[in-house]
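Working notes, structure below.
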Number of protein chains: 2
Amino acid sequence: MTGIIIDRESDVPLYLQISAQIRAAILQGEIENGGRLTPERRLATLLNVNRTTVVNAYRELASEGFVTGHVGRGTVVTYQRPDSSAAVEDGSAGQANSVAEAGPRSGRTALPWQQLLAPLAGAGYDSMMLDASTVAARRDVIQFTSATPSPELYPVEQVDAILSEALETAGQELLQHTPSEGFEPLRAALAAWMGAQAATADLAVDFNPGRILIASGSQQALYLTARALIEPGDLVAIESPTYLGAAQVFRACGARLLSIPVDRDGMNVELLSELITRRRPKLIYTLPTFQNPTGSVMALDRRKRLLDLASRYQVPIVEDDPYSALRYRGRPLPSLLALDRARGGDRVIYLSTMSKMLFPGFRIGWVSGPRPVLERLAQIKQIVDLDTNALVQWAVWAFLSRGLLTDHLETLREAYPLRLERMVRGLAAHGNGLIECDQPDGGLYLWCRVNDRLRVRDLLAESAREGVAFAPGEPFFLDTPSEAGRNTLRLNFTLPSLAEVDEGTRRLGIALVRLYEQARGETGGAGRRRAVTPIV
Amino acid sequence: MTGIIIDRESDVPLYLQISAQIRAAILQGEIENGGRLTPERRLATLLNVNRTTVVNAYRELASEGFVTGHVGRGTVVTYQRPDSSAAVEDGSAGQANSVAEAGPRSGRTALPWQQLLAPLAGAGYDSMMLDASTVAARRDVIQFTSATPSPELYPVEQVDAILSEALETAGQELLQHTPSEGFEPLRAALAAWMGAQAATADLAVDFNPGRILIASGSQQALYLTARALIEPGDLVAIESPTYLGAAQVFRACGARLLSIPVDRDGMNVELLSELITRRRPKLIYTLPTFQNPTGSVMALDRRKRLLDLASRYQVPIVEDDPYSALRYRGRPLPSLLALDRARGGDRVIYLSTMSKMLFPGFRIGWVSGPRPVLERLAQIKQIVDLDTNALVQWAVWAFLSRGLLTDHLETLREAYPLRLERMVRGLAAHGNGLIECDQPDGGLYLWCRVNDRLRVRDLLAESAREGVAFAPGEPFFLDTPSEAGRNTLRLNFTLPSLAEVDEGTRRLGIALVRLYEQARGETGGAGRRRAVTPIV
């Protein structure tokens, strides 16, 4: 369950759409017995439906025995997951009907699937993120939640021409399997690309294509890397707040997380250096450039210090770098990888992707790392999905080797800063001093803090009422509830148009002001304790 | 290392190409200290090079201290992997040179990567498979090793037209992320497709698109499934011989394997029923239709029996079904999934792929399973690579929904049986009674046995001399060395042209006859003990 999604065009009544999704979440164990549903009024606001609709959805679930309403406690899940095979049917078996092979229907022909599943760490969702997803899934809101570049700038026609050329040139070969390490010319082009990036930071590094592996997006690059290095129980030093998908990967591989705070100069390397001897992490994961969600850039002295720590304590660095080419101002800093290689080191596994520079749909990411790691990644890749789509690798090779990616990045570096400026200006104009932000030098995100008296959890509902969606900051923190995160939020400025930026910041301003007035009106409102998080 | 690959066009001398690949395998730990290299003469034959070339390669390795030649024992690895950080550099760090950031070079800036890697079960290669890969990688041999359909029949022009249409129709959307479960219309089209397949076996089953997940190939479908169900130490009942990639996946997830023999009627379900109470496997993996490598089809009574076992002992069945649409004669049998659903059951997780019906390059496979499993697969997919290329999903949807896949399968079902017949005839004509085969009703493979006095290991070298490559059967068996497997081989008939089938079977015949004459000439040749397997 990634938030409740309703379809107003559907013939299925809204309350049944809602109850069906909550029922599925309960059956999946995503909401435990005893857990509380989102209060009716709040869910109605998030979804922009009448409160009656939610009331009816919860009544439906109550009549089925899944939940019980309690005065003062809200709606509580009262469903014990079965330990027999009885209750895991989902109705579709009932649709099956046999012509030739009819046999007696028996309860035994369904297995207790829920109990047969192996545990999966790290797959849970934070309730606030679910609320945010519920709002973001609405078609009638302005989206500041995205983590992707702007679709109207996608080079669709170039993609079309390049794919046609690829198929005409080498169709049979490109529809075949390719080596697990990736398509050779693309690996060479990426090595050249990384060299050119290092040169913009005045480093001359000659990257070796043999140390590059192509993955199905940088998510896979990260998964392969974690799978190669992590054994259950290992500790991973990781920034907080950080990219949630990374935390999920490490947890799914059985790692525990050692969270290191991030400030405007990136990871607090000083603190890491104090902890590293005592805690002995297996690896250090960092997003040093235009970090997600904070947009911060790790300072050069911290980069050097981090490399020193890696060699002193023999702890590998995993550098996740999807955003560095999206710099809008200031001088480029070298990646940790480039800095390391320029000094003759070999301490960094570097991950990047085409998803933020071009678009995410091609699913092309890559890893550059030491050869023993690369060979192991190829073995794991062979096991998890054999190889990466060769046709698409050819297309990305064409974008790189013909300078089309460079041209496209020029376009983005013109368009995005305008939206960013406009967003910053909009927040200043409409925010009434209730919101402040760290204007980044690049990337996709504007990291903001609201007035101390406000809670972003409440802003989410007020904004949903106004029709604007954003990502609350707290779920990006690893240790929740997080005092540091509770009044933070992440705004994306690459997806919305300029007009949407204007209107969205105006709506956010209205929500902020209303919330502030409520907070002032409430007795002790600003200081009241956070309630236990209800889950939907 | 997946076999030694030499490039005769390269400026690098052949002996250095060979020594570099063996050195890498030693550094990777793929050949352990004390392990033996393939004898010089044999490797020279497999690679079709002068023996001197291999002698020089081994001398090079000896001079570097990686191996030592022993009279009577051959060439033995004498390299201890370091427990310090010293020996893991691969030279590329030496290429790096610093302009602005030069610091003192220190041995400490390279980490002991080999020791930092987590153990990976199941990634090892069988030495005979490596030998076969070494032969198959040569450009001057006829290929009977393939596991893919015929590239000259790929519908390249249709792909081109469909991708253009997709980009013109919905380019921005298709270059974006899609849900982890897959592109809705493709899921619906696959449900309809499975229903149509069931109908050919006289079963009316209404498959639910909500229970289908799109994966990056059926290899990923299998990995996700194993990851969802297997905990380290679990036992998996699996056919022997079987698809090696499946065994690798289960082992990588920490499973132990319970091998169940296969005969012409598929898995020996009777034996499984005897073992299941004592051994309690966590799941049963089967490839019931045109099995890889044997081409066998599980009989209907065994299919029913297997479903009964699954419900009686509450053991899920994972049905891997890449080949069933490639039937050339005889009546279709229902899949285990269709049989199960038609009886109102829910005991089967079904995997299939477009790789054998269309081509492997799109990396599109799918899973149909119980909803709790599907939801878990989507969670894992989210962690391992987020989602599958939407553009390509649209293209496969077009192939399915417009009947193009059906048309394409008609073409294949005309072309492939001709090649199969020709191969069977060629073996009969040239094999001198030294080879017999189980002619399959469909699929890609012809499973053969050579005369008892011959070893397929030796045939591999003789065939390499003649310029024909095949897959030895023994590595497909789970318990090697396998007495049952030692005189088996798998021939692919879909990749080679008719002319190549003729010439390849002729060459195989020459190799067989020469080998047989050698065996007769040797004192006690047929009965001699198998030597310990040398590893390269």
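What follows is calculated from the coordinates using simple rules that are stated; it is not laboratory data. Computed from a predicted model, the values in this text were never measured in an experiment. In this analysis, Cβ positions are derived from the backbone assuming ideal geometry, glycine residues included, and neighbour counts consider all displayed protein chains.
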Relative contact order for the stretch A:121-249, counting Cα pairs under 8 Å that sit 6 or more residues apart, in percent = 23
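Please state the shape class of the stretch B:298-404: rounded when a/c is under 1.5, otherwise prolate if a/b exceeds b/c and oblate if not, all from the C-alpha gyration tensor.
oblate
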key: Cα long-axis angle, helix B:390-401 against chain B (0 to 90 degrees, to the nearest 10)   = 50
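Averaged across B:167-178, how many Cβ atoms of other chains sit within 10 Å of each residue's Cβ atom?
Working: counts 8, 3, 0, 1, 9, 8, 3, 5, 12, 9, 9, 2.
Partner Cβ neighbours, averaged per residue: 6.
Quick one: grab the alpha carbon gyration tensor of the stretch B:156-402, order the square roots of its eigenvalues as a ≥ b ≥ c, and give me rounded if a/c is under 1.5, else prolate or oblate depending on whether a/b is larger than b/c.
On the way: a/c = 1.92, a/b = 1.52, b/c = 1.27.
It is prolate, given that a/c is not under 1.5 and a/b is the larger ratio.
Expressed as a rounded percentage, what relative contact order does the stretch A:194-285 have, with Cα pairs under 8 Å and six or more residues apart? Display every interim value, and only then the final one.
On the way: 99 pairs, mean separation 24.9, N = 92.
With pairs under 8 Å counted, the relative contact order is 27 percent.
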task = Note the distances from B:Ser63 to each other copy's matching label point, with points 7 Å along the Cα-to-beta-carbon direction, in nm, sorted shortest first.
result = 8.7
remark   = In the stretch A:156-402 the DSSP beta bridges are antiparallel at a rate, in percent to nearest 5, of 40
task = Work out the length of the dipole vector of the protein assembly as shown about its Cα centre, built from +1 on the beta-carbon of each Lys and Arg and -1 on the beta-carbon of each Asp and Glu, and round it to the nearest 20 debye.
result = 2680
message = Lone cysteines in the protein assembly as shown, defined as no other cysteine's Cβ under 4.7 Å from theirs: which are they?
response = A:Cys253, B:Cys253
query = Based solely on its DSSP helices, what 222 nm [θ] is calculated for chain B when runs of n ≥ 4 H residues each add -39,500 (n - 2.57) and the sum is averaged over all residues, nearest 500 deg cm²/dmol?
reply = -13500 deg cm²/dmol
query = What shape does the protein assembly as shown take by its C-alpha gyration tensor, where a ≥ b ≥ c are the square roots of the eigenvalues and a/c under 1.5 counts as rounded, a/b above b/c as prolate, and the rest as oblate?
reply = oblate
Computed E for A:Asp202/A:Glu231 - FRET, C-beta separation, R0 45 angstrom, nearest 0.05 = 0.70
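Considering only chain B, what is the antiparallel percent among its DSSP beta bridges, to the nearest 5?
Once the DSSP bridges in chain B are tallied, antiparallel ones form about 60 percent.
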In degrees, nearest ten, helix B:156-174 long axis to first principal axis of chain B (Cα) = 70
query = Taking Cα centroids, how far is the stretch B:155-197 from the stretch B:391-461 in Å?
reply = 29
inquiry  = With the label 7 angstrom out along Cα to Cβ, how close does B:Pro13 come to the same site in each of the other copies, in nm, nearest first?
reply    = 8.5
remark   = Scoring chain B by relative contact order with C-alpha pairs under 8 Å, at least six apart, yields a percentage of 19
ask   = Which one of A:Ala188, A:Gly443, A:Ser296 is farthest out on the positive end of the charge dipole of the protein assembly as shown, using unit charges on Cβ (Lys, Arg +1; Asp, Glu -1) and the Cα centre as origin?
value = A:Ser296
ask   = Arranged from highest to lowest average of other beta-carbon atoms within 10 Å per residue, in what order do the peptides A:386-392, B:243-249 appear?
value = A:386-392, B:243-249
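Using the Cα centre of the stretch B:156-402 as the reference point, and only Cβ charges (+1 on K/R, -1 on D/E), how large is the resulting charge dipole? Debye, rounded to the nearest 20. Kindly include the intermediate steps, with their values, before the conclusion.
Values: 27 positive and 26 negative charges, 191 e Å.
With only Lys, Arg, Asp and Glu charged at Cβ, the dipole is about 920 debye.
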Virtual paramagnetic centre 7 Å along Cα→Cβ of A:Ala415, amide N under 12 Å, in the stretch A:131-156 = A:149-156
query = What nm distance separates the two modelled labels at B:Gln518 and B:Arg59, each placed 7 Å from Cα along Cα→Cβ?
reply = 2.5
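Any idea what the dipole of chain B comes to, in debye rounded to 20, about its Cα centre with Lys/Arg Cβ at +1 and Asp/Glu Cβ at -1?
Values: 58 positive and 61 negative charges, 345 e Å.
Dipole magnitude for chain B comes out near 1660 debye.
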ask   = Computed FRET efficiency, Cβ-Cβ of B:Glu436 and B:Glu152, R0 30 Å: what is it to the nearest 0.05?
value = 0.50
ask   = What is the sum of charges around B:Ser352, taking Lys and Arg as +1, Asp and Glu as -1, for the other residues whose C-beta is under 10 Å from the C-beta of B:Ser352?
value = -2
At R0 = 35 Å, FRET efficiency that the Cβ-Cβ distance of B:Thr68 and B:Arg8 yields, to 0.05 = 0.75
ask   = Nearest 10 degrees, 0 to 90: what angle lies between the long axis of helix B:371-384 and the longest principal axis of chain B (Cα atoms)?
value = 40
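Among the trypsin sites (Lys or Arg not before Pro) in the stretch A:411-507, which ones are in a DSSP loop with at most 16 other Cβ atoms within 10 Å of the Cβ? Mind listing them? Provide the component values of the computation, followed by the final result.
Numbers: sites: A:Arg413, A:Arg419, A:Arg422, A:Arg425, A:Arg449, A:Arg453, A:Arg455, A:Arg457, A:Arg465, A:Arg486, A:Arg490, A:Arg506, A:Arg507; in loops: A:Arg453, A:Arg455, A:Arg486.
Hits after loop and neighbour filter: A:Arg453.
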ask   = Quick one: which of A:Lys381/B:Lys356; A:Lys381/B:Lys381; B:Lys282/B:Lys304; A:Lys282/B:Lys282; A:Lys356/B:Lys381 span more than 25 angstrom between C-alpha atoms?
value = A:Lys282/B:Lys282
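Highest first, please rank the peptides A:127-139, B:13-25 by the mean number of other Cβ atoms sitting within 10 Å of their residues. Walk me through the intermediate numbers first.
Working: A:127-139: 20.8, B:13-25: 19.2.
Answer by packing, highest mean first, reads A:127-139, B:13-25.
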task = Quick one: plug the Kirkwood hydrodynamic radius of chain B (C-alpha pairs) into Stokes-Einstein at 4 °C, 1.567 mPa s, and report D in µm²/s.
result = 51
Exercise: per-residue mean of other protein chain Cβ atoms within 10 Å, A:218-226 = 3
